[in-house]
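Accompanying notes for the structure given below.
What follows draws every value from the coordinates through simple rules; no lab data is involved. All of these numbers come straight from a predicted model, not from anything done at the bench. Here Cβ is always computed from backbone atoms with ideal geometry, including for glycine, and neighbour counts include all displayed protein chains.
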Amino acid sequence: MSYQIINKLINIFDPELSHSLAIFFLKHFFWSNRADEDDAILSVKVFGKEFKNPIGLAAGFDKNADVYEKFSSLGFSFSEVGTVTPRPQVGNLKPRVFRLNEDLAVINRLGFPNEGMSKIKSKIQNKLFNGILGINIGPNKESTSKIKDYLETFKNFYDISDYICINISSPNTENLRDFHEASNLESLLSELLSLRKSLESTVPVILKISPDIEEKEIPAICNAILKYNIDGITISNTTVRLREILTNQNKNEQGGLSGVPLQDLSNNLIKKFYKIIGKKIPIIGVGGVNSGKSAYDKIRSGATLLQLYTGLVFQGPFIAKNIKKDLVFLLKQGGFKSLEEAVGVDSK
Ligand SMILES: Cc1cc2nc3c(=O)[nH]c(=O)nc-3n(C[C@H](O)[C@H](O)[C@H](O)COP(=O)(O)O)c2cc1C
């Protein structure tokens, strides 16, 4: 059965139920087998690690570390679990996820439902996985100190993950995006990096930012990540804007918009950051990646690694394999000998 038919069936269910069914299926009926070899042109070395291709699973799909390891057989080179908070929480009231079929987009206002850091850590410790695993961390809704929550979660995961992503950009946790303001960001990064130092850890720290920042905020964010020597920046999370370009009846639902409508917004922001930070800090490009062409555009904008979530919802589990096939073709057609060579060529 093609994914187009499965997709029509999935449409019958509420999007969150479809997601739970997908997790259930991957967990119980999908056995990981050996991943295919990737074309050497796709391999990149980022934060000292070899990625055999640039495609990763974005945060939000596997919030509770149930299935991240299955994605390597589906052709992804890395997975990001989370967002994980210190204590378990249920998130916002349902319905809180909306599929916008005509727009190839999703709006969500989940609000970090997750099983909490201790349970999620124990699940990771009980799995065999030799792929690249990132953990995305954030504060609890009822937190009295968001920074304390980031520190606690960092401490919980630093020794069992390949990188930690600091999520300051979900639109569904009140005031979280205030961390984009320079002095708040510096306080957060300074405390986190002191903690990392005191733990004698070198685990890479990545910052995930919002696509809704103002142009004038970009230099200060770049200064902060350069000053604290952050290992990477993920651009971007979902947007609260762009409702005017949507057609689906749910277009005005509150929450973060992801998928195709986010493509240009995220690419333009990647270009602006790349112009300032160049290759000093690798960019993980996220937002509307759903084809070889959209992956190629993000790389040319300045991203070295990519992540996707909404593309998986509309195109199904073979999306990474399809993207890689077309990306290899586009890179070779563009005259590039490696993916690295194509990074940022449209940002100069
Ligand atoms: C249903 C849903 C839940 C998400 N949950 C999270 C989350 O918990 N943490 C996070 O950093 N990003 C989360 N995201 C954002 C994605 O990681 C990604 O940044 C965004 O969706 C843009 O990529 P895409 O267009 O490929 O979906 C979520 C996205 C969706 C659609």
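Order these by the 10 Å Cβ neighbour count, fewest first: Ser143, Ser161.
Ser143, Ser161
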Review point. Non-local amide H neighbours of Ile168 (under 5 Å, H modeled in plane, Pro and chain starts lacking H): which ones?
Key: Lys208
**Study point:** Hull volume in cubic angstrom per residue (convex hull over the Cα atoms of the stretch 122-251)
**Key:** 147
Point to revise | Simple Cβ-charge dipole of the stretch 200-306, Lys/Arg +1 and Asp/Glu -1, about Cα centre, in debye nearest 20 | key: 340
**Study point:** For the stretch 112-178: span of alpha carbons on each principal axis (Å, largest first)
**Key:** 37, 19, 19
Practice item. Over 25 Å between C-alpha atoms is what I'm after, so list which of Lys63/Lys321; Lys146/Lys208; Lys227/Lys324 land there. Key: Lys227/Lys324
Check your understanding: By counting other Cβ atoms within 10 Å of each Cβ, how are His180, His19, His28 ranked from fewest to most?
Key -> His28, His19, His180
Practice item. For the chain, calculate the relative contact order in percent as a whole number, restricting contacts to Cα pairs under 8 Å that are 6 or more residues apart. Key: 17
Check your understanding: Okay, helix-only estimate at 222 nm for the chain: each DSSP H run of n ≥ 4 adds -39500 (n - 2.57), divide by all residues, round to 500 deg cm²/dmol; what do you get?
Key -> -10500 deg cm²/dmol
Exercise for review: With the cut-off at 34 Å, report for the stretch 3-342 the share of all Cα pairs above it, as a whole percent.
Suggested key: 17
Review point. Which chymotrypsin sites (Phe, Trp or Tyr not before Pro) in the stretch 276-330 pass both tests, a DSSP loop state and at most 14 other beta-carbon atoms within 10 Å?
Key: Phe318
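Can you check what the Kirkwood hydrodynamic radius comes to for the stretch 44-163, Cα pairs only, in Å to one decimal?
One over the average 1/r among Cα pairs gives 15.3 Å for the stretch 44-163.
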Check your understanding: If we count other beta carbons within 10 Å of each Cβ, what is the order of Ile284, Ile230, Ile166, Ile160, fewest first?
Key -> Ile160, Ile230, Ile166, Ile284
